[in-house]
1. Which helices (runs of 4 or more DSSP H) sit wholly inside region 1-69 and have at least 1 residues that are touching a residue at least 12 places away in the same chain (Cβ under 8 Å), in contact with a strand residue (DSSP E or B) (Cβ under 6 Å, 6 or more places away or on another chain) and under 28 Å from residue 203 (Cβ atoms)?
2. Given the criteria under 18 Å from the mean Cα position of the chain (by Cα) and assigned by TED's automatic domain parsing to the domain that holds residue 137, does residue 205 qualify?
3. Is it fair to say residue 98 is outside the structural domain of residue 207 (by TED's automatic domain parsing), at pLDDT below 65 and in contact with a strand residue (DSSP E or B) (Cβ under 8 Å, 6 or more places away or on another chain)?
């Protein structure tokens, strides 16, 4: 099993189906047997504690994705709101996001939960004070059109392809860009694409990186606007 610390609040796990079976579990029961899925989860958390001193001191927010060779799990430490109705997730320096509690949270390894969680959170928050958005494009022409609409300044952008789709990862520095500016930029970007339910980690690992940096500028310089 691979364990990676994303930041102070989040750990990322990747465990292959072979590893799962070596531990005495099978694919079906981790999705459909709550007791067995929780047993596997806490076994993983024990290893995280031993591996990187990731101690549990409150509620957790869990994202699970099935991939070809195993499962990817993101675990974020959260806090329960004072009224007990929401989870408060840390998303950056002095920032949190409130997630309403519902029955779906109780299922750790339920695939439907993956889309729900990622659609609500949908952002990659980094410990260095940056946070990014992954935008999906069904057609490369839409990426070209966007590149001629926006000129980024002090914004990191990458271009990836994954499963016959194109993805632009846009990363902002919260020191350089305020919330109003970020909202304005994203509203334009989302005219051409849609926010992806995938994580940048998955697209980076299993997709292909086409342009590593200054992606929209590179596309703009190499492809004329569509008439």
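1. Numbers: elements: 17-22, 27-32, 34-52.
In region 1-69, the matching helices (runs of 4 or more DSSP H) lie at 17-22, 34-52.
2. On the way: under 18 Å from the mean Cα position of the chain (by Cα): yes; assigned by TED's automatic domain parsing to the domain that holds residue 137: yes.
Yes.
3. Values: outside the structural domain of residue 207 (by TED's automatic domain parsing): yes; at pLDDT below 65: yes; in contact with a strand residue (DSSP E or B) (Cβ under 8 Å, 6 or more places away or on another chain): yes.
For residue 98, the condition - outside the structural domain of residue 207 (by TED's automatic domain parsing), at pLDDT below 65 and in contact with a strand residue (DSSP E or B) (Cβ under 8 Å, 6 or more places away or on another chain) - is met.
The values are calculated or read from the model by the stated rules, or taken from the named source; none is laboratory data. Everything numeric in this text was worked out from a predicted model, so none of it was measured. Reconstructed Cβ throughout: ideal geometry from the backbone, glycine too, with neighbour counts over all protein chains shown.
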